[in-house]
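Single-structure report; data block below.
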Amino acid sequence: MASTSQPPLRFTSHKNFVYRLVFSTLTGRTIHISQIRPSSPTNPGLAPHEISFLRLLDAVTNGSQMEISYTGTIVVYKPGLITGSATGTGASGGVIRHELPVGCTRGVSYFLIPLCLLAPFSKSPIKVTFSGPGVITSATPTGDMSVDSVRTAILPLFNQFGIFNNIELRILKRSNPGPNGRGGGGEVQFVFGHQLRLPKTLHLMNPGRIKRVRGVAYSVGVSGSNNARMIETARGILNPLVPDTYVFSDVSSAPFVPAPEKTNPSGKKKIGLGFGLSLVAESSTGCLFSADVASPPSGGEAPEDIGKRCAYQLLETVSKGGCVAPAAVPVMLGLMTMGSEDVGRIQVGREVMAAESTIQLARDLAKFGAPGWGLRDASGENENGDVIISVVGRGIGNVGRKVA
Amino acid sequence: MIGKRKRDTAIVPRATTFDDEETPQTNTESSHDIFRKFFEAQFQPLDVPGAQITRRDDAEGESDEEASELSDTGSNWDGLSEGEDGPEVVQIVEHCDAKSLDLMDKKARKAFMTAKPPSSLVDRTPAKSPKRETESDKDENEIDADHLKNDLALQRLLKESHLLESASDLAPTGKNRLKALDLRMQELGSKESLYKQRMPSSHRRGIQAKAEMKENKRRKEARENGIILEKPTPKANANSSKRRERGVGGPSIGKFAGGTLNLSKHDVAAIQGSGRSSRGRGGSRGRGRGRGRGRGRR
């Protein structure tokens, strides 16, 4: 690629690790990330989930090279073409099987959301099955959203960019985080079959009003009455505000994963028990706000508390205003940046704009050569102290589709 | 008394997990309240005599005394509604039938809990579609319906044209109409023709014989008058040509009766014939002939 002549972009620290890798892949620039947890006495360098993400990138791309230093504190990543799940590279039968390691503390959404950002620019459809002893489908204490929220709050956003065909996220097996928040036993199938050259330019400046709330309550390996209790509490809070509130309940048995021991090499154990709630509020203009709370791995929290916290979290997210929930900011702004050379505008809440992750994203994007964002106060009827971000697309789009 | 204590302690630990700092008196009170609520949810609201309540209210300070009082009443459980403040407090116990709700929202669930990301547009369309129909839609529908009708008529004509005597008459009447209906029924999956009746075999044979006689007579007369008729249709000898439907698991050869497999000479010949051909020497007649022909050609 063109990146051969350019020097690598230099970043430090493990923050925003995945999005740096994603934007590197999308723009084709080599990156050099150093000082990844250098001062941690026990676990310096890359964490298991970060290594796993590098592996995933390796599987969906062709020709990418990565070098990890001896201690794991430095990574050099030279991106290749995003080929997707074409047979022959990493896929068998058109499906990439990605195994997550036992020690994974992050939910699958940690991998899914960046993958969603890559997928529209792939050469062929992306089909990935996440399996293995580290797949956590629920929300996690590390701050990842549940897979249900990804499906109901992140994937519909692609519709606004003209990406809507053949997108599926199938939860084959649910799992909450295992003991100490490590590992799970879930299985998730992700299909992203809509590839395009350039996403549409987005102008989203009317947040609208919340018209409905949907949600999924899940309990894995525990009684389904937990679901009913979470739902009742959450509805008790939300129903007076939005009458069209409905939360679906999903009860599944705990995954049964092999746990070999010295005395019992064929031993198995149940893992990932717990419950949780995912709520999504949809506004009249199609803006989505989500909230996710799951029972902590240590337990000891009543379903009523989970339901209440989740409902309040949803209200908080909505109260931040704007058209984008904080969790969806990287996806929306990333897609806008990758769009055609045109000015797209999006209204976000002041608090969302001021969040650390958003600022970090802006800095990283600027480093990758994206023109800076234009910020101005929103005016007119839906002001509420919101900020309008104007993003100029880079017009790179899908390199794999450029030839065709 | 001791027995009562035990029961009390059985209740208390649950409350202590929630609030350790509270005095034991309120603990027992709240636990009583919980117990009463649970009981009411299970059965029916307890009707507590007012006098008793007031007395409880008065004596709220001394929990020990109350405990003893409770024990005095023995197994009479109405003492548990002690936590009630006054008659104006109304307990609302909601009974929500989760099952019926689930049934109602099965459709919504199916739409939401799929692998696809839920889209609001998809949700809206089913609500809208039955509501309104514009003029153009109506016209299109009419045209579609017309096409469909014509198609059906053509299909029927093609299938039933052999019943029609004159080309002018497209809608069959009388006997022909009934026959056509019968054909359609069969096509739609009726098991038997309407005209296949159950009757004694002597009747059926009589009918068949009569039909044969009629046909023969017609042919004879035609021959005598020098009229050339169509060739007689080959007689469908159903018994010999068609393989009878056998049950599953029966023998593929021979007859199984009385616990023995009986092979006829024919069956034995069939088995041996195949065996001999594999042996290949000397051969059956067929084989010999085949060879001879081969030689001749060379």
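The values are calculated or read from the model by the stated rules, or taken from the named source; none is laboratory data. Source: prediction; values computed, not measured. Using ideal geometry, Cβ is built from the backbone for each residue, glycine included, and neighbour counts are taken over all protein chains shown.
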Check: Assuming A:T152 fulfils every condition listed in (1) within 13 Å of the chain's Cα centre (by Cα); (2) more than 14 Å from chain B (Cβ to nearest Cβ) apart from one, which condition is it?
Finding: (2)
Notebook entry, point to check: Can you find even one residue in segment A:243-253 that is surrounded by fewer than 24 Cβ atoms within 10 Å (Cβ to Cβ) and either farther than 20 Å from B:F112 by Cβ or under 21 Å from the mean Cα position of the chain (by Cα) (or both)?
Noted result: yes
Next item on the list: Find the residue count for segment A:229-242, including only residues that are more than 13 Å from every other protein chain (Cβ to nearest Cβ) and either surrounded by fewer than 16 Cβ atoms within 10 Å (Cβ to Cβ) or not polar (S, T, N, Q) (or both).
Entry: 7
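Conditions (1) modelled with pLDDT of 80 or more; (2) more than 14 Å from chain A (Cβ to nearest Cβ), marked per residue:
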site: B:A111; (1), (2): yes, no
site: B:S120; (1), (2): no, no
site: B:R124; (1), (2): no, no
site: B:E133; (1), (2): no, yes
site: B:D144; (1), (2): yes, yes
site: B:A153; (1), (2): yes, yes
site: B:E165; (1), (2): no, yes
site: B:Q186; (1), (2): yes, yes
Note to self: Just the residues that are within 12 Å of chain B (Cβ to nearest Cβ) and surrounded by 20 or more Cβ atoms within 10 Å (Cβ to Cβ), please, taken from segment A:214-228.
What the structure shows: A:R214, A:G215, A:V216, A:A217, A:Y218, A:N227
Next item on the list: For residues that are more than 10 Å from chain B (Cβ to nearest Cβ), more than 10 Å from the chain's Cα centre (by Cα) and crowded, with 24+ Cβ neighbours inside 10 Å, tally how many sit in segment A:140-149.
Entry: 1
Notebook entry, point to check: List the pairs whose first member sits in segment A:245-273 and is over 17 Å from A:Y218 (Cα atoms) and within 14 Å of chain B (Cβ to nearest Cβ), whose second member is surrounded by fewer than 20 Cβ atoms within 10 Å (Cβ to Cβ) and polar (S, T, N, Q), and whose Cβ atoms are under 7 Å apart, counting only residues at least 6 apart or on separate chains?
Noted result: none
Next item on the list: Only residues that are part of a loop (DSSP other than H, G, I, E, B), out of contact with any Lys or Arg (no Cβ under 8 Å at 6 or more places or on another chain) and within 14 Å of chain B (Cβ to nearest Cβ): list them for segment A:280-321, please.
Entry: A:T285, A:G286, A:C287, A:G299, A:G300, A:E301
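Going by what's in this entry, would A:L100 be described as in contact (Cβ under 8 Å) with a residue 24 or more places away in the chain and closer than 18 Å to A:P133 by Cβ?
Yes, satisfied.
Being among the β-branched types (V, I, T) and in a helix (DSSP H, G or I) is the filter here; which residues of segment A:322-366 pass it?
The first filter runs over segment A:322-366 and keeps only residues among the β-branched types (V, I, T), leaving A:324, A:329, A:331, A:337, A:343, A:346, A:348, A:352, A:358-359.
If the condition is that a residue be among the β-branched types (V, I, T) and in a helix (DSSP H, G or I), then A:V329, A:V331, A:T337, A:V352, A:T358, A:I359 are the ones that fit.
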Item checked: Filter result (in a loop (DSSP other than H, G, I, E, B) and within 14 Å of chain B (Cβ to nearest Cβ)) within segment A:122-139 -> A:T137
Next item on the list: Check segment A:189-210 and report whether any residue there is surrounded by 17 or more Cβ atoms within 10 Å (Cβ to Cβ) and closer than 17 Å to A:T140 by Cβ.
Entry: no
Next item on the list: Kindly indicate whether A:G72 is touching a Leu at 6+ places or on another chain (Cβ under 8 Å) and not hydrophobic (A, V, I, L, M, F, W, C).
Entry: yes
Margin query: Among the residues of segment A:328-344, are any surrounded by fewer than 15 Cβ atoms within 10 Å (Cβ to Cβ), free of Cβ contacts under 8 Å to residues at least 24 places away in the same chain and out of contact with any helix residue (DSSP H, G or I) (no Cβ under 9 Å at 6 or more places or on another chain)?
Written below: no
Note to self: Which numbered condition in (1) touching a helix residue (DSSP H, G or I) at 6+ places or on another chain (Cβ under 7 Å); (2) surrounded by fewer than 23 Cβ atoms within 10 Å (Cβ to Cβ); (3) in contact (Cβ under 8 Å) with a residue 40 or more places away in the chain is the only one that A:P179 fails?
What the structure shows: (1)
Note to self: Looking at A:N239 and the list (1) of a type outside the set (S, T, Y); (2) within 21 Å of A:F289 (Cα to Cα); (3) in contact with a strand residue (DSSP E or B) (Cβ under 9 Å, 6 or more places away or on another chain); (4) touching a residue at least 12 places away in the same chain (Cβ under 8 Å), which single condition is not satisfied?
What the structure shows: (4)
Note to self: When you scan segment A:102-110, do you find a residue that is under 26 Å from A:S219 (Cα atoms) and in contact with a strand residue (DSSP E or B) (Cβ under 8 Å, 6 or more places away or on another chain), even just one?
What the structure shows: yes
Item checked: Count of segment A:7-63 residues which are more than 22 Å from A:G183 (Cα to Cα), in a helix (DSSP H, G or I) and touching a Phe, Trp or Tyr at 6+ places or on another chain (Cβ under 9 Å) -> 7
Note to self: Yes or no: segment A:98-109 includes at least one residue that is within 14 Å of chain B (Cβ to nearest Cβ) and basic (K, R).
What the structure shows: no
Next item on the list: Hey, can you tell me all the residues within segment A:161-207 that are within 11 Å of chain B (Cβ to nearest Cβ), within 24 Å of A:A281 (Cα to Cα) and not hydrophobic (A, V, I, L, M, F, W, C)?
Entry: A:N165, A:N166, A:E168, A:R170
Next item on the list: Any residue in segment B:204-228 that's of a type in the set (K, R): show its pairings with residues that are exposed (fewer than 11 other Cβ atoms within 10 Å of the Cβ) and at pLDDT 90 or above at Cβ separation under 7 Å, as long as the two are six or more apart or on different chains.
Entry: none
Check: How many residues, within segment B:214-270, are modelled with pLDDT under 80 and in a helix (DSSP H, G or I)?
Finding: 4
